[in-house]
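Here is the structure we will look at, set down as structure tokens.
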Amino acid sequence: MRLQGKVAIITGAGQGIGAATALRFAEEGAAVVLAARSQDKLAAVAATIEAAGGRALVCPTDIANEEAVQALVASTVETFGRLDIVVNNAVLMVPGMLANHDTKAWRQNFLVSLDGAMFLMREAYAQLKANRGAVVNVSSVCGLRGSPGTAGYSAAKAAMIGLSRNAAMEWGKKGIRVNTVIPGAFLTPATEAVIPDDASRDATAKSIPVGRIGDPRECANAILFLASDEASYITGTELVVDGGRVAELNAGTASWE
């Protein structure tokens, strides 16, 4: 029960890594506030948590709307009396090749992934300071490596890393830790939409050093660690959870086995 007595807001909690994180946090004793735009998906996650004896609050929220974020934090404190942990996992990826990227589409990549994270961190600051809390921001390996067609998304996710580092420096002496988890390929609805058939999934799995695509729960475990007191001396850093993909030097056909 590593999060016993803690209250956590998790954005993008209706599916994928966000839902897996909410379930893990609840298993470890936290009361979880589920934020996303789809109430039905959030309700399903909440039902699973409550069926196992956990506590969950469903808060349909457009994280890119400042007033909605203010209401999210207010509802959290009104319901549970405190806020200890923020997990910024919500994302909106609008693809586009840079040479002809639509300006509106470009900016949409930043509204949820980056602006929404900043809004929630700013609004949660007083509670996090009072409770010596923790923030875990979810970036992406696209924020570390180039990926054709995802210029806006990659730039937003790279900026998320910078945001986390700056917040860690500004808030460290206030007792607030801020870290970033950087996921690779996981079997989430968003990933499955991009690699919908067995052949593409097999090819993706073979490109990863451990030889498989990750389960969202594996990323949730990394987020849980950074949010818990086990990571009490860790702030301003990044934890890559990608099966070794970004650590690999692609040497073509060369082999020294």
Is it the case, given these coordinates, that Ala35 is in a helix (DSSP H, G or I), within 20 Å of Val135 (Cα to Cα) and modelled with pLDDT of 95 or more? no
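Among the residues of region 20-66, how many are out of contact with any strand residue (DSSP E or B) (no Cβ under 8 Å at 6 or more places or on another chain) and either at negative phi or among the aromatic types (Phe, Trp, Tyr) (or both)?
Applying the first criterion (out of contact with any strand residue (DSSP E or B) (no Cβ under 8 Å at 6 or more places or on another chain)) to region 20-66 yields 20, 23-24, 27-29, 40-41, 44, 47-48, 51-53, 62, 64-66.
The next check asks that each one be either at negative phi or among the aromatic types (Phe, Trp, Tyr) (or both); those that pass are 20, 23-24, 27-28, 40-41, 44, 47-48, 51-52, 62, 64-66.
Total meeting the criteria: 16.
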Here are some conditions: (1) farther than 30 Å from Phe80 by Cβ; (2) among the aromatic types (Phe, Trp, Tyr); (3) in contact with a Gly (Cβ under 6 Å, 6 or more places away or on another chain). Tyr153 meets all but one. Which one does it not meet? (3)
Restricting region 200-217 to residues that are polar (S, T, N, Q) and touching a residue at least 12 places away in the same chain (Cβ under 8 Å), the residue that is nearest to Gly244 (Cα to Cα): Ser207
If you check every pair at least six apart or on different chains, which have Cβ atoms under 9 Å apart with a residue in region 153-166 that is within 14 Å of Arg177 (Cα to Cα) first and a residue that is buried (at least 24 other Cβ atoms within 10 Å of the Cβ) and aliphatic (A, V, I, L, M) second? Leu163/Ala117; Leu163/Val178; Ser164/Ala117; Ser164/Val135; Ser164/Val136; Ser164/Val178; Arg165/Val178; Asn166/Val178
Just need a number here: residues in region 25-43 that are surrounded by 24 or more Cβ atoms within 10 Å (Cβ to Cβ) and over 13 Å from Ile85 (Cα atoms). 3
For Phe225, the lone unmet condition from (1) under 26 Å from Ala124 (Cα atoms); (2) in contact with a helix residue (DSSP H, G or I) (Cβ under 7 Å, 6 or more places away or on another chain); (3) touching a residue at least 24 places away in the same chain (Cβ under 8 Å) is (3)
From the list Ala105, Ala74, which residue is in contact with a helix residue (DSSP H, G or I) (Cβ under 8 Å, 6 or more places away or on another chain), exposed (fewer than 15 other Cβ atoms within 10 Å of the Cβ), among the aliphatic types (A, V, I, L, M) and not in a strand (DSSP E or B)? Ala105
State which residue pairs qualify: first residue touching a residue at least 60 places away in the same chain (Cβ under 8 Å) and inside region 113-131, second residue outside any helix (DSSP H, G or I) and of a type in the set (Gly, Ala, Ser) in any location, beta carbons under 6 Å apart, and separation of 6 or more residues or different chains. Gly116/Ala64; Gly116/Ala90
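The values are calculated or read from the model by the stated rules, or taken from the named source; none is laboratory data. These figures come from a predicted structure and were not determined experimentally. Please note: Cβ atoms are built from the backbone with ideal geometry, for glycine as well, and neighbour counts cover all protein chains shown.
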